[in-house]
Amino acid sequence: MKNRRDFLRNTFGLGAGLAAVPRLFANPQESGAGMDMKHMGHATQRSSSGIVSVETPDVSQLPWRLDGNVKEFHLIAEPVKQEIFPGRIVDLWGYNGSAPGPTIQVNQGDRVRIIVDNHLPEATSMHWHGFEIPNEMDGAPGSSQDPIPPGGRFVYEFTLHQEGTYFYHSHMAMQEMMGMIGAFIMHPKEPYKPRADKDFAIIMQEYAILPNIKVPNSMNMEFNWLTFNGKAGPATTPLIVRHGDRVRVRLINLGMDHHPIHLHGHTFVVTGTEGGRQPQSTWGPGNTVLVGVAQSRDVEFIASNPGDWMLHCHLPHHMMNQMSSMVGRMSRRNGMPAGLDMERGMGMLRQGSATSNENGPSLGRGMGVGSTAEQAVSNSPLKEERQTQHEGMPGMQMAKPDVSKDANSVPGFPQDAFMEGPLMAMDQMVERPENFGLRPGWSGFMAGMMSFVRVLPPGKYDKIMELKAKQQGKKPMENMPGMEHPDHE
Ligand SMILES: [Cu+2]
């Protein structure tokens, strides 16, 4: 969609003032998903009953309108352009302008209607993952319904008796690998105990996108872009909590890999799965939770340890960006072969198409970069001027990699010397309120599925909230959660 404001106006008749704003919770004391509490006149995000709305950093909230006793949502399946990393705008498929699509939040017991329009060039179908609803609403193409044709619409409607961390996704397999998923949170009738002060959701996705191409290769089995809520570190937005808060993080995975998500500095308990809340007797302590494909896991912890703590997938290759084998002579002396030459190594086709005999094999399962054609080479010395290869790239901080004098004589060198560190820092390029006060140069060490839980003292926490409020006052509608709209002031 070109303009979210027009979408809201046209679809829901919004813009007429505060009275037209749909409410997430029946009780006006309760906070609403994605609503700006200042605009809504609420002092805090916690309701009297203990339910807080779920924040999905970097992903908007889907507004709804009330039709009788039915909460009506509108999802548009469509191609999207998404900046997953500074300067890296890729062609994904998602919902309402983003991948993952906007977050849906409802209450246990709600009757919901979801109008799904298909603006894709091919058929799609929407599956409600784990929902105990009538078969004809399940979104299984071919068995429970005809696929929704391009330009077509299907209206789903059901009553939700479950609670927990759920999600929606296209039930066309390749479309899933193009980004077509979104979070679907069902708040319980009886608030969970103990109550959480902060509640976040993170969707994990992975894409294989060759260095000079914008479209993911959905057939691929190796992934070089790993995202939390559609962003790769350091472009992920940290989770901001107060020292002492009880924090819930809902982790959702849809892709080709399982992700062991690790939190630094704290011990958590797993309180929920894709099947809802788990009995307290099952809550064992841990700091790493394996989130399998098609699963969700809720973890909860007391943010008792002040500091900026990493939250990340612990698969080493999932802590990297744009992974590919060392290509050409980027860091090697002339004449020392290391895999393919630059053009072929970076996937630039010189003849044929991606599916031609020459390229087909490597552009299928593998990345089609050096990894499938790499040759074993002995280690070779660095060329001095190449150490500053990123000089002149706007926004990149400059620094020499910290390597020892005899680095080139050490088998295996280099490993991380040019992949992370001062050379890759881009603090200014990813500047946002949630990053305020992080250690200078931090961004050089964040990539892929990496973010922070920032456990902050009151002063620093308030400062960031103040910066956020200021920023939201200026931001265009496109970047803002569903209900924050200038017309509502
Ligand atoms: Cu992972």
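Let's see how each residue does on (1) of a type outside the set (G, A, S); (2) out of contact with any Ser or Thr (no Cβ under 6 Å at 6 or more places or on another chain); (3) at pLDDT 95 or above; (4) farther than 21 Å from A183 by Cβ:
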residue: E83; (1), (2), (3), (4): yes, yes, yes, no
residue: R88; (1), (2), (3), (4): yes, yes, no, yes
residue: W93; (1), (2), (3), (4): yes, yes, yes, no
residue: P100; (1), (2), (3), (4): yes, yes, yes, no
residue: I115; (1), (2), (3), (4): yes, yes, yes, no
residue: A123; (1), (2), (3), (4): no, yes, yes, yes
residue: I133; (1), (2), (3), (4): yes, yes, yes, no
residue: G139; (1), (2), (3), (4): no, no, yes, no
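Could you grab me the full set of residues in the range 246-263 that are within 16 Å of the ligand (Cβ to nearest atom) and in contact with a Phe, Trp or Tyr (Cβ under 8 Å, 6 or more places away or on another chain)? Within the range 246-263, V249, I252, L254, G255, M256, D257, L263 meet the criteria. Residues that are away from the ligand (no atom under 14 Å from the Cβ) and among the β-branched types (V, I, T) were ranked within the range 200-230; the one that is nearest to W128 (Cα to Cα) is V215.
Determine if the range 188-199 includes at least one residue that is more than 22 Å from M320 (Cα to Cα), more than 14 Å from the ligand (Cβ to nearest atom) and not in a loop (DSSP other than H, G, I, E, B). Taking every residue of the range 188-199 in turn, at least one turns out to be more than 22 Å from M320 (Cα to Cα), more than 14 Å from the ligand (Cβ to nearest atom) and not in a loop (DSSP other than H, G, I, E, B). Of the residues making up the range 458-466, at least one is farther than 25 Å from R88 by Cβ and among the hydrophobic types (A, V, I, L, M, F, W, C). Only one of the numbered conditions (1) farther than 30 Å from V112 by Cα; (2) in a strand (DSSP E or B) is violated by V270, and that is (1). Does the range 100-141 hold any residues that are within 22 Å of Q61 (Cα to Cα) and of a type in the set (D, E, K, R), and which are they? Listed by number, the residues that qualify are D110, R111, R113, D117. For the range 56-90, name all the residues that are surrounded by fewer than 16 Cβ atoms within 10 Å (Cβ to Cβ), under 15 Å from Q322 (Cα atoms) and of a type in the set (A, V, I, L, M). The one that is surrounded by fewer than 16 Cβ atoms within 10 Å (Cβ to Cβ), under 15 Å from Q322 (Cα atoms) and of a type in the set (A, V, I, L, M): I89. Within the range 273-308, the set of residues being away from the ligand (no atom under 16 Å from the Cβ) and among the small types (G, A, S) comprises G275, G276, S281, G284, G286, A303, S304, G307. Residue under question is A447, and the condition is that it be away from the ligand (no atom under 16 Å from the Cβ) and either of a type in the set (V, I, T) or surrounded by 15 or more Cβ atoms within 10 Å (Cβ to Cβ) (or both); does it hold? No; evaluated as a whole, the condition is false for this residue. Inside the range 246-256, residues that are surrounded by fewer than 19 Cβ atoms within 10 Å (Cβ to Cβ) and either part of a strand (DSSP E or B) or among the acidic types (D, E) (or both) make up a count of 1.
Of the residues making up the range 237-245, one or more are modelled with pLDDT of 95 or more, among the hydroxyl-bearing types (S, T, Y) and either more than 12 Å from the chain's Cα centre (by Cα) or away from the ligand (no atom under 16 Å from the Cβ) (or both). Candidates in the range 403-426 are the residues that are in contact with a Gly (Cβ under 7 Å, 6 or more places away or on another chain) and either polar (S, T, N, Q) or in a loop (DSSP other than H, G, I, E, B) (or both); of these, the one that is modelled with the lowest pLDDT is E420.
Would you say L311 is closer than 18 Å to R246 by Cα and within 16 Å of the ligand (Cβ to nearest atom)? Yes, satisfied. Only strands (runs of 3 or more DSSP E) whose full extent lies in the range 51-157 are considered here, and the ones with at least 1 residues that are in contact (Cβ under 8 Å) with a residue 24 or more places away in the chain and within 23 Å of the chain's Cα centre (by Cα) are 70-85, 88-95, 104-107, 111-118, 126-129.
Under the condition of being over 19 Å from V270 (Cα atoms) and not polar (S, T, N, Q), the residues counted in the range 191-220 number 11.
The values are calculated or read from the model by the stated rules, or taken from the named source; none is laboratory data. Please read all numbers here as calculations on a predicted model, not as lab measurements. Note: ideal-geometry Cβ built from the backbone for every residue, glycine included; neighbour counts use all protein chains shown.
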